[in-house]
Number of protein chains: 2
Amino acid sequence: MRAVIIAVGDELTSGATVDTNSAWLADGLGRRGIAVARHVTVGDDTGAIAAAVAAAAEADVVLITGGLGPTADDLSRQGLADAMGAELREDARQIERIAARFASFGREMKPSNRSQALVPEGARPIDNDWGTAPGLAATVGAARVFVLPGVPREMEAMFAAKVFPELPAAGAVARRLIHTYGTGESDVGETIVDLMARGRNPAVGTTAKAGVITVRVNASADTPGEAEALADEAAAEVRRRLGELVFGEGPGTLPAAVGELLAAAGETLATAESCTGGLIARMITDVPGASRYYLGGAVAYANEAKTDLAGVDPALIEAHGAVSDEVAEALAVGIRRRLGADWSVATTGVAGPTGGTDAKPVGLVCMAVAGPTGGEVHRRTFPGDRDVVRGRAALALLNHLRLALTGSAAQRENR
Amino acid sequence: MRAVIIAVGDELTSGATVDTNSAWLADGLGRRGIAVARHVTVGDDTGAIAAAVAAAAEADVVLITGGLGPTADDLSRQGLADAMGAELREDARQIERIAARFASFGREMKPSNRSQALVPEGARPIDNDWGTAPGLAATVGAARVFVLPGVPREMEAMFAAKVFPELPAAGAVARRLIHTYGTGESDVGETIVDLMARGRNPAVGTTAKAGVITVRVNASADTPGEAEALADEAAAEVRRRLGELVFGEGPGTLPAAVGELLAAAGETLATAESCTGGLIARMITDVPGASRYYLGGAVAYANEAKTDLAGVDPALIEAHGAVSDEVAEALAVGIRRRLGADWSVATTGVAGPTGGTDAKPVGLVCMAVAGPTGGEVHRRTFPGDRDVVRGRAALALLNHLRLALTGSAAQRENR
């Protein structure tokens, strides 16, 4: 069972916009056991669209996104009609639906929107409950063809509700994602090298993104139950081998994992950030419900702010410099006391691109964790530009906090 | 002059990774006046790669990324050789370069890396100064074909240094990006509708991203000088019509525009964030050199943190609730005083997904600006999920600050 995905739009071919729809759809097809042979992106050009559809007709499934808007450069309807050798006809029911949608906003349908109700003879419209443009379903050669709007929100909703259930199922697939932090991709790979051998089921692979190494497990079977069982077994083995490197699964993130540990212990957190400048606070508060455990913190960018907000002694900054283990520790201890938190984290460093010295180069970050039983300071020099240094430091420090929380929870249990 | 871009990798066809290389390369080709007819993505499969290259041979330029790694599933070298009807031969100079690169890290070259020095007969290797995989240059049919590594950092550096200068130039192109904030895309479009007419040169278009509407100007001419002059003229007209909606150009961002205004006035900024939870501080400190004007701030998530870090009277929170115009204003006034800043901004709101009431629904954000001549509070309800609400509120507040800074600068000049 093979699929081809076609994205339509001059903004895509010209590079003004990155096509994220095709990857999203490929992932969705994969969950149905359908492998994607090829993605193709063409511009707003009837001939190019028709040619791409015709060339994809050897596949079992063809998904097309974009080119369904109301303006003269929206040509996917015509392109599909040309590939089918059919004429476009106005669909009365879709005209009604589009007019009703405008009416629901208290507006009148514009004449240009009539074009959105055009359907090639032999194709059928797919209701769009999230926007004005109906989708299209047709058969070209051996292929079942679906056309969806290019707006990601509409496309995703329509695919999930209207297309996915109609797809031919090629067996069952179950997936697991296991996230690790603290070592490189090659180290993770060596630990599970036998599970990653080509041709095995479940298929196991790794991807690295900003220091997080994720192990992907894809299990195929005849029934969903068998696939889930295979995936669970492999995921358990991966977790066993990787031990405390593993911080989460599925949609889990490192800040969410930290949050779950804090919430489970009924403990609170404060932050004091110099070089990360609010990034750690933002990552923590990205997680819904963070107010259960996160009190707040200081963005202590200027030296005076380190003193005014986190109570760092100016003499300490004078003696060791703002970027120092001592000041990182003082920031963590100070903000923890100021806000009455159980735990705190703090950063101070040289994010760059300027401000580095031989002793304190660009990329150096001092990271502190303070908790009920004391504190720790870690000092690392991260390679990369300003964004990378800040992002890596934030993740590294959150991982130190996670390990401290895990250790603290283990101590409690042993007591 | 037309190009085809081919991306290679199972992680791309399966949707595990979004292909950003093709859009980046399309933009680069556009700067050389070369239009991109099609993007194609194929998996790690020699036959699929060779077929994609052969099908692209009607183009003038073909760019291929990925499949140049050292493992058995890196097949772009073989795919190109098959499309050329040629054999792969080991290139002695590339073997030396790869070994030298390993030696520079104090490591020995692994046997698998020898495969990276393979070059189809009739093709030529392109030195990679940023990684181990050399690129390839060849001619297939009428097309000049370039193969580059899939790692974006290596790909971008090699394209800029080694491929771009070799591309046939199809006239000169000059581009401008003019960023606006404060109104919708259709309003911006109506203001410049005549400049956006199809077929005009410069071509003018708009794109919307997270509330920022960007006007793109693409001017074509025979010489770079003429193209630049055309682009400057059109950009000046766009700026004139859009007035104070315009906050920046080119790579400029709203936080950078605010930073330039502060630095020009020699003034300083502090932040106090509840619902945005550090996001505004992070955006401000994303800009290199932010320490010239940014002192720091409070992430005042819990009520106690609003009091402890920004001096908000608990009775005020009790009387009006944490999400209120009064508390937003008190946060701004309090952090400005605490840090001795010239300006401050503050947020308090309901980011969701829970915590909303009829009076204070999810999406409601109270945003305050305080400055040398007083303050202002803005209250808006943003649609969308937690991320969208926080992101929109941060941009909206930074834009209020920008307008206040611009007004303040104008007053100074009139005095």
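Tell me yes or no: at least one residue of the range B:14-25 is of a type in the set (Phe, Trp, Tyr), farther than 30 Å from A:VAL217 by Cβ and more than 11 Å from chain A (Cβ to nearest Cβ).
No.
Among the candidates A:VAL193, A:VAL238, single out the residue that is on the phi < 0 side of the Ramachandran plot and within 14 Å of chain B (Cβ to nearest Cβ). Explain how you work it out, then say what you get.
Values: A:VAL238 fails: within 14 Å of chain B (Cβ to nearest Cβ).
After ruling out the rest, the residue left standing is A:VAL193.
Would you be able to tell me the number of residues in the range A:341-371 that are part of a loop (DSSP other than H, G, I, E, B) and in contact (Cβ under 8 Å) with a residue 60 or more places away in the chain? So that I can check it myself, show each step before the final result.
First, the residues of the range A:341-371 that are part of a loop (DSSP other than H, G, I, E, B): A:341-342, A:350-363.
Pick out the ones that are also in contact (Cβ under 8 Å) with a residue 60 or more places away in the chain and you get A:341-342, A:350-351.
Result for the range A:341-371: 4.
For the range A:15-54, which positions are touching a helix residue (DSSP H, G or I) at 6+ places or on another chain (Cβ under 7 Å), without any contact (Cβ under 8 Å) to a residue 24 or more places away in the chain and surrounded by fewer than 20 Cβ atoms within 10 Å (Cβ to Cβ)?
Once the filter is applied, which keeps residues that are touching a helix residue (DSSP H, G or I) at 6+ places or on another chain (Cβ under 7 Å), without any contact (Cβ under 8 Å) to a residue 24 or more places away in the chain and surrounded by fewer than 20 Cβ atoms within 10 Å (Cβ to Cβ), the range A:15-54 yields A:THR17, A:VAL18.
Is there a residue being in contact with a Leu (Cβ under 7 Å, 6 or more places away or on another chain) and in the same structural domain as B:GLU108 (by TED's automatic domain parsing) anywhere in the range B:151-158?
Checked against the condition, which is being in contact with a Leu (Cβ under 7 Å, 6 or more places away or on another chain) and in the same structural domain as B:GLU108 (by TED's automatic domain parsing), the range B:151-158 yields at least one hit.
Go through the range B:307-356 and give me each residue that's facing chain A (nearest Cβ under 8 Å), within 25 Å of B:GLY259 (Cα to Cα) and either surrounded by 24 or more Cβ atoms within 10 Å (Cβ to Cβ) or within 33 Å of the chain's Cα centre (by Cα) (or both).
B:LEU309, B:LEU339
Quick one: is A:THR271 outside any helix (DSSP H, G or I) and in the same structural domain as A:GLU329 (by TED's automatic domain parsing)?
On the way: outside any helix (DSSP H, G or I): yes; in the same structural domain as A:GLU329 (by TED's automatic domain parsing): yes.
Considered against the rule, which asks whether it is outside any helix (DSSP H, G or I) and in the same structural domain as A:GLU329 (by TED's automatic domain parsing), A:THR271 comes out as yes.
Can you name every residue in the range A:35-92 that is in a strand (DSSP E or B) and either of a type in the set (Asp, Glu) or outside the structural domain of A:GLU121 (by TED's automatic domain parsing) (or both)?
A:GLU90
Evaluate the following for A:ARG97: is it in contact with a Ser or Thr (Cβ under 8 Å, 6 or more places away or on another chain), away from chain B (no Cβ under 14 Å) and touching a residue at least 12 places away in the same chain (Cβ under 8 Å)?
no
From the set of residues in the range A:232-245 that are within 22 Å of the chain's Cα centre (by Cα) and surrounded by fewer than 21 Cβ atoms within 10 Å (Cβ to Cβ), which is nearest to A:ASP27 (Cα to Cα)?
Step by step, filter the range A:232-245, then rank; the result is A:ARG239.
Of the conditions (1) more than 19 Å from B:GLY15 (Cα to Cα); (2) over 20 Å from the mean Cα position of the chain (by Cα); (3) modelled with pLDDT of 90 or more, A:PRO224 satisfies every one except a single condition; which number is it?
(3)
I'm trying to understand the selection: among the residues of the range B:384-394, which are hydrophobic (A, V, I, L, M, F, W, C) and crowded, with 21+ Cβ neighbours inside 10 Å?
B:VAL389, B:ALA393, B:ALA394
Would you confirm whether any residue within the range A:184-200 is closer than 22 Å to A:TRP24 by Cβ, of a type outside the set (Val, Ile, Thr), buried (at least 17 other Cβ atoms within 10 Å of the Cβ) and at pLDDT 90 or above? Step through it out loud before you land on a result.
Taking the range A:184-200 and keeping what is closer than 22 Å to A:TRP24 by Cβ, we get none.
No, the range A:184-200 contains no residue that is closer than 22 Å to A:TRP24 by Cβ, of a type outside the set (Val, Ile, Thr), buried (at least 17 other Cβ atoms within 10 Å of the Cβ) and at pLDDT 90 or above.
Evaluate the following for A:VAL61: is it free of Cβ contacts under 8 Å to residues at least 60 places away in the same chain, in contact with a strand residue (DSSP E or B) (Cβ under 8 Å, 6 or more places away or on another chain) and crowded, with 18+ Cβ neighbours inside 10 Å?
On the way: free of Cβ contacts under 8 Å to residues at least 60 places away in the same chain: no; in contact with a strand residue (DSSP E or B) (Cβ under 8 Å, 6 or more places away or on another chain): yes; crowded, with 18+ Cβ neighbours inside 10 Å: yes.
Criteria not met by A:VAL61.
What number of residues within the range B:196-214 are within 12 Å of chain A (Cβ to nearest Cβ) and in a strand (DSSP E or B)?
Qualifying residue count for the region: 7.
Please enumerate the residues belonging to the range B:357-371 that are surrounded by fewer than 21 Cβ atoms within 10 Å (Cβ to Cβ) and within 14 Å of chain A (Cβ to nearest Cβ). Show your work before the answer.
Our first condition is that a residue be surrounded by fewer than 21 Cβ atoms within 10 Å (Cβ to Cβ); within the range B:357-371, this holds for B:357-362.
Matches in the range B:357-371: B:VAL362 only.
One residue is enough: does the range B:290-301 have a residue meeting the conditions farther than 20 Å from A:THR307 by Cβ, of a type in the set (Val, Ile, Thr) and crowded, with 21+ Cβ neighbours inside 10 Å?
Among the residues of the range B:290-301, not one is farther than 20 Å from A:THR307 by Cβ, of a type in the set (Val, Ile, Thr) and crowded, with 21+ Cβ neighbours inside 10 Å, which makes the answer no.
If a residue counts only when it is within 30 Å of B:PRO251 (Cα to Cα), which strands (runs of 3 or more DSSP E) contained entirely in the range B:100-195 have at least 3 such residues?
On the way: elements: B:118-120, B:124-126, B:135-140, B:143-148, B:172-181.
Because the criterion is at least 3 residues that are within 30 Å of B:PRO251 (Cα to Cα), the strands (runs of 3 or more DSSP E) in the range B:100-195 that meet it are B:143-148, B:172-181.
Could you list all residues from the range A:288-303 that are within 7 Å of another protein chain (Cβ to nearest Cβ) and in a helix (DSSP H, G or I)?
The answer is A:SER291, and nothing else.
Consider B:ASP286 against the criteria (1) touching a residue at least 24 places away in the same chain (Cβ under 8 Å); (2) within 20 Å of A:THR354 (Cβ to Cβ); (3) more than 28 Å from the chain's Cα centre (by Cα): it satisfies all of them except one. Which criterion is unmet?
Just one mismatch for B:ASP286, condition (3).
Among the residues that make up the range B:386-408, is at least one of them within 14 Å of chain A (Cβ to nearest Cβ), touching a residue at least 24 places away in the same chain (Cβ under 8 Å) and outside any helix (DSSP H, G or I)?
No.
Are any residues in the range A:222-250 within 30 Å of A:VAL345 (Cβ to Cβ) and without any contact (Cβ under 8 Å) to a residue 40 or more places away in the chain, and if so, which ones?
Scanning the range A:222-250 gives A:ARG240, A:GLY243.
Before we move on, is A:ALA227 surrounded by 19 or more Cβ atoms within 10 Å (Cβ to Cβ), assigned to a helix (DSSP H, G or I) and out of contact with any helix residue (DSSP H, G or I) (no Cβ under 6 Å at 6 or more places or on another chain)?
yes
Which of the residues spanning the range B:28-87 are within 13 Å of chain A (Cβ to nearest Cβ) and charged (D, E, K, R)?
Within the range B:28-87, B:ARG31, B:ARG32, B:ARG38, B:ASP44, B:ASP45, B:GLU58, B:ASP73 meet the criteria.
Looking at the range A:247-270, is at least one residue under 13 Å from B:GLY277 (Cα atoms), crowded, with 19+ Cβ neighbours inside 10 Å and either within 14 Å of chain B (Cβ to nearest Cβ) or in contact with a strand residue (DSSP E or B) (Cβ under 8 Å, 6 or more places away or on another chain) (or both)?
Scanning the range A:247-270, I find at least one residue that is under 13 Å from B:GLY277 (Cα atoms), crowded, with 19+ Cβ neighbours inside 10 Å and either within 14 Å of chain B (Cβ to nearest Cβ) or in contact with a strand residue (DSSP E or B) (Cβ under 8 Å, 6 or more places away or on another chain) (or both), so the answer is yes.
The values are calculated or read from the model by the stated rules, or taken from the named source; none is laboratory data. Please read these numbers as outputs of a predicted model, since none were measured by experiment. Note: ideal-geometry Cβ built from the backbone for every residue, glycine included; neighbour counts use all protein chains shown.
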